[in-house]
Amino acid sequence: MNILLLGSGGRESALAWKMRQSNLLDKLYIAPGNGGTGAYGENVAVNPLDFEAVDAFATAHGVDMIVVGNEDPLVAGIYDYFAERRPGMLVVGPSKAGAQLEGSKDFAKRFMMSHGIPTARYRSFTAATADDGCAFIDELAAPYVLKADGLAAGKGVLIIEDKDEAKKALREMLGGMFGKSSATVVVEEFLSGIECSVFVLTDGNGGYRVLPVAKDYKRIGEGDTGLNTGGMGAVSPVPFADAVFMEKVRERIIEPTVNGLKADGITYRGFIFLGLINVGGEPMVIEYNVRMGDPETEAVMLRIDSDLVALMKAAAEGALGDMELKQSPKTAVTVMAVSGGYPGDYEKGKKISGIEDVAESIMFHAGTKRDSDGSCLTSGGRVIAVSSLGDSIADALQRSYGSLSKIAFDGMYFRRDIGRDLMNL
Ligand code: AMP
Ligand code: GLY
C-alpha cells in the first residue's frame with residue numbers, strides 16, 4: 001500500500017523508519033519530512049494543514065492511508081475531511097471530536113470525570129468567572145497548576161508556588177496571555193510523582209493494543225532543571241511501570257478511555273497518548289494527547305517487533321481483531337542533540353558532521369534539512385534523536401553517548417543524564 005505520513009520531526013522519522021520495514025508498504029511519502037526522512041521515503045512539499053492540497057496529492061499518487069504525526073491537523077479536523085470526501089481513504093487518528101482530548105483541556109477533564117478516570121481535582125474558568133477562579137485557588141494547596149484550555153505549543157501550563165502570583169497569572173491568562181487558547185483556563189490540584197507516557201493504538205470499536213511505555217525528559221538542563229523543551233530524551237521501558245502498575249493503568253484508564261469514546265459516539269481510530277503520573281503507586285492522568293509522543297516515539301519504535309503498518313491499517317479499518325503487538329524485551333533510549341540556545345533563540349543552518357560514521361545507534365533526524373550539495377544542516381531546535389537499543393538502560397545509553405561523540409555541529413548540546421533517575425530505582 002501507499003502511505004502518506006504528515007509531519008517533519010524526530011517522531012515522523014521514527015514512524016517512517018518503522019513503516020519502511022513492513023512488507024505491506026510500497027510507496028511512502030512524507031509531507032514535508034526533514035533532512036533524514038528521504039532515507040525511508042519521498043519528501044513532498046505539501047502543507048499538512050492544507051487539507052485540499054493533502055487530498056490532491058493523495059489522490060494523484062494513489063495513497064491508501066494517511067498517518068498523521070502531530071496534533072494540529074487532527075485538531076483541525078483532517079479525519080472528518082477525508083471521512084466526508086474520500087470515504088475509502090484510511091486515516092490513522094481521531095475525528096475532530098476525539099482530537100478535543102488534546103485540543104481542549106477542559107473537554108479532556110470533563111471526559112475523565114464522566115468516565116471515572118483518575119485525574120487531578122480541577123475547575124475551569126473564563127474571564128467572567130475569574131473571581132471564582134481565585135476563590136478556587138484559595139481552596140487548593142501550593143503549588144498551583146494553571147492550564148490554558150487550547151493548544152499552546154506545549155507552553156500553556158504554568159506551575160506557580162505563590163498563591164497571589166497564581167491568582168495574578170490566572171487573570172493574565174484569561175486576559176489573553178496565550179491568545180484564544182487561554183480564554184478558558186483549567187485550574188487543578190498539583191500531583192506529586194514520577195511521570196511516564198503510555199501509548200495505545202485503538203480501532204474505535206473497543207479494540208486496542210498497548211505500545212511500549214516510555215519516559216521523556218522535558219527540561220533543558222541536567223537534573224531536570226531550566227526551561228521546558230519539546231523533549232531532550234526518552235527511555236523505554238520504564239522500571240516503575242511494572243505489571244502491577246500497568247494492570248491498574250489498563251483497568252482504570254485505558255479501558256474506560258477506549259470504551260468511553262465509543263459510548264460517547266466519538267470516532268477514534270489511532271494513537272492515544274496517556275501522560276500519566278505515578279502517585280504512590282496509583283496511576284493518574286496528567287494529560288491526553290491524540291498522537292504519539294516526541295521523543296518517546298524514537299525510543300518506542302525500536303521496541304516494537306511487529307509490523308506497524310499492519311497494526312495501523314487494522315486500527316484505521318476499525319478492527320484490530322487479535323493482531324499481535326510484540327514488544328522487544330530490550331531497552332531503548334533516545335538522547336536529543338539540540339541547537340545551542342534552544343529552547344530560547346538559536347541559529348540554524350549549521351553543518352552537521354559525522355552522521356555517516358555512526359553504526360551503533362539510529363540517527364532519527366528532527367530539525368535538519370539538506371543543503372543543495374546534499375550535506376546536512378540544522379534547521380530547528382531539536383536536531384537529531386540519537387536512539388539505541390541495549391540490554392539495559394546503561395548499555396543503551398553507552399551506545400547513544402558513543403554515537404553522540406562522533407557527530408558535531410556548531411553549538412551542539414545534549415543532556416548527559418538521560419535515564420539516570422531510572423537506573424537507581
Ligand atoms: P501538560 O501539558 O498537561 O502535560 O502539562 C505539562 C507538564 O506540567 C506535565 O508534563 C507535568 O510535568 C506538569 N503538570 C501538569 N499538570 C500537573 C499536575 N496536576 N500536577 C503536577 N504536575 C503537572
Ligand atoms: N514528549 C511529550 C510530547 O510529545 O508531548
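The values are calculated or read from the model by the stated rules, or taken from the named source; none is laboratory data. Not measured: the values here are computed from a predicted model. Cβ atoms come from the backbone with ideal geometry, glycine included; neighbour counts cover every protein chain shown.
Taking the conditions (1) hydrophobic (A, V, I, L, M, F, W, C); (2) more than 16 Å from ligand 2 (Cβ to nearest atom); (3) surrounded by 16 or more Cβ atoms within 10 Å (Cβ to Cβ) in turn, Ala142 satisfies each one other than (3). Only a single item in (1) within 16 Å of ligand 1 (Cβ to nearest atom); (2) surrounded by fewer than 21 Cβ atoms within 10 Å (Cβ to Cβ); (3) under 18 Å from the mean Cα position of the chain (by Cα) is not met by Arg303, and it is number (1). Go through the residues of the stretch 172-185 one by one and say whether even a single one is within 16 Å of ligand 2 (Cβ to nearest atom) and not hydroxyl-bearing (Ser, Thr, Tyr). So far as the stretch 172-185 goes, no, none of its residues is within 16 Å of ligand 2 (Cβ to nearest atom) and not hydroxyl-bearing (Ser, Thr, Tyr). Evaluate the following for Gly88: is it away from ligand 1 (no atom under 16 Å from the Cβ), closer than 16 Å to Leu4 by Cα and in a loop (DSSP other than H, G, I, E, B)? For Gly88, the condition - away from ligand 1 (no atom under 16 Å from the Cβ), closer than 16 Å to Leu4 by Cα and in a loop (DSSP other than H, G, I, E, B) - is met. The residues of the stretch 255-300 that are within 14 Å of ligand 2 (Cβ to nearest atom), among the hydroxyl-bearing types (Ser, Thr, Tyr) and not in a strand (DSSP E or B) amount to a single one, Thr297.
On inspection, Met112 qualifies as within 15 Å of ligand 1 (Cβ to nearest atom), under 30 Å from Glu251 (Cα atoms) and outside any loop (DSSP other than H, G, I, E, B).
For the stretch 301-346, the set of residues classified as within 13 Å of ligand 2 (Cβ to nearest atom) and either among the hydroxyl-bearing types (Ser, Thr, Tyr) or closer than 17 Å to Val198 by Cβ (or both) consists of Thr334 only.
Considering Leu25, Leu15, the condition of being part of a loop (DSSP other than H, G, I, E, B), in contact (Cβ under 8 Å) with a residue 40 or more places away in the chain and either surrounded by 21 or more Cβ atoms within 10 Å (Cβ to Cβ) or out of contact with any Gly (no Cβ under 6 Å at 6 or more places or on another chain) (or both) is satisfied by Leu25 alone.
Residue by residue, here is whether (1) more than 15 Å from ligand 1 (Cβ to nearest atom); (2) assigned to a helix (DSSP H, G or I) holds:
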{"position": "Cys134", "(1), (2)": "yes, yes"}
{"position": "Ile137", "(1), (2)": "no, yes"}
{"position": "Ala142", "(1), (2)": "no, no"}
{"position": "Val145", "(1), (2)": "no, no"}
{"position": "Gly154", "(1), (2)": "no, no"}
{"position": "Leu174", "(1), (2)": "yes, yes"}
{"position": "Lys180", "(1), (2)": "yes, yes"}
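Restricting Gly293, Gly270, Gly281 to residues that are of a type outside the set (Phe, Trp, Tyr), away from ligand 1 (no atom under 16 Å from the Cβ) and closer than 30 Å to Ala76 by Cα narrows the list to Gly270.
When the stretch 1-51 is filtered for residues that are of a type outside the set (Lys, Arg), within 16 Å of ligand 2 (Cβ to nearest atom) and over 17 Å from Asp64 (Cβ atoms), the ones remaining, listed by number, are Gly7, Ser8, Gly9, Gly10, Glu12, Ser13, Ala14. Looking only at residues of the stretch 225-252 that are in contact (Cβ under 8 Å) with a residue 60 or more places away in the chain and more than 18 Å from the chain's Cα centre (by Cα), we find that the one that is farthest from Met284 (Cα to Cα) is Leu227. The set of residues in the stretch 150-168 that are at pLDDT 95 or above and buried (at least 20 other Cβ atoms within 10 Å of the Cβ) comprises Ala166, Lys167.
Listed here are the strands (runs of 3 or more DSSP E) enclosed by the stretch 190-240 that have at least 2 residues being within 20 Å of Tyr288 (Cα to Cα) and within 16 Å of ligand 2 (Cβ to nearest atom): 194-202, 233-236.
Among the residues of the stretch 351-405, those identified as in contact with a strand residue (DSSP E or B) (Cβ under 7 Å, 6 or more places away or on another chain), in a loop (DSSP other than H, G, I, E, B) and either surrounded by 23 or more Cβ atoms within 10 Å (Cβ to Cβ) or free of Cβ contacts under 8 Å to residues at least 40 places away in the same chain (or both) are Ser361, Ala366, Gly367, Asp371, Ser375. Total residues in the stretch 195-244 satisfying the condition of being farther than 17 Å from Pro343 by Cα, near ligand 1 (Cβ under 10 Å from one of its atoms) and either among the small types (Gly, Ala, Ser) or in contact with a helix residue (DSSP H, G or I) (Cβ under 9 Å, 6 or more places away or on another chain) (or both): the figure is 1.
Does Gly10 fit the bill of being at pLDDT 95 or above and under 23 Å from Thr202 (Cα atoms)? Answer is yes for this residue. Tell me, please, whether a residue that is in contact with a helix residue (DSSP H, G or I) (Cβ under 7 Å, 6 or more places away or on another chain) and either at pLDDT below 95 or of a type outside the set (D, E, K, R) (or both) can be found in the stretch 79-87. Within the stretch 79-87, one or more residues are in contact with a helix residue (DSSP H, G or I) (Cβ under 7 Å, 6 or more places away or on another chain) and either at pLDDT below 95 or of a type outside the set (D, E, K, R) (or both).
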